[in-house]
Amino acid sequence: MNPSAEAPVFAEPWQAHAFALVLQLHQRGLFSWPEWAAALAEQIARAQAAGDADHGDTYYQHWLAALEASVAAKGASTAAELARYAQAWNHAAERTPHGRPIELQPGDFDAPAAATPHP
């Protein structure tokens, strides 16, 4: 990868959101920066052991997975609650027209799982 000065830092908006969440949770004391670095390194190592080619295109997927694991490990949420919100988000994304903001609605939590995950 050879980033240029004009290339965006994040390829997708969700990547910037995940990045910002980690910064906020760190600033609020949920985890220290060394704890975060260790969690992210562990997630990347697991992914590489499972066959991730590590070309950089999956970095923020690992970031998000480490964030979810850290939040659950610290008791700020549960894995089940995170999965429930992910499923609701996927449903909301499926019903939202392209280019429109995705908004969670109460019915999104009762909908069947979406076929395509949206980070």
message: Take ALA49 and tell me if it is surrounded by 14 or more Cβ atoms within 10 Å (Cβ to Cβ), of a type outside the set (Lys, Arg), free of Cβ contacts under 8 Å to residues at least 40 places away in the same chain and farther than 19 Å from PHE10 by Cα.
response: no
query: Hey, does the range 46-53 have a residue that's acidic (Asp, Glu), part of a helix (DSSP H, G or I) and touching a Ser or Thr at 6+ places or on another chain (Cβ under 9 Å)?
result: no
field: Tally, over the range 38-52, of residues that are over 13 Å from LEU64 (Cα atoms) and of a type in the set (A, V, I, L, M)
entry: 4
- request: Run down HIS91, HIS98 and say which single residue is part of a loop (DSSP other than H, G, I, E, B) and either modelled with pLDDT under 95 or within 14 Å of the chain's Cα centre (by Cα) (or both).
  value: HIS98
query: How many residues, within the range 26-41, are surrounded by 15 or more Cβ atoms within 10 Å (Cβ to Cβ) and in a helix (DSSP H, G or I)?
result: 4
task: Could you tell me which residue of the range 1-12 is modelled with the lowest pLDDT, considering only residues that are loosely packed, with under 12 Cβ neighbours inside 10 Å and of a type outside the set (Val, Ile, Thr)?
output: MET1
So ALA76, is it more than 15 Å from the chain's Cα centre (by Cα), under 24 Å from ASP110 (Cα atoms) and crowded, with 17+ Cβ neighbours inside 10 Å: no
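The values are calculated or read from the model by the stated rules, or taken from the named source; none is laboratory data. What you see is a predicted model; the values in this text were computed from it and never measured. Every residue, glycine as well, gets a Cβ built from its backbone with ideal geometry; the counts of neighbours run over all protein chains shown.
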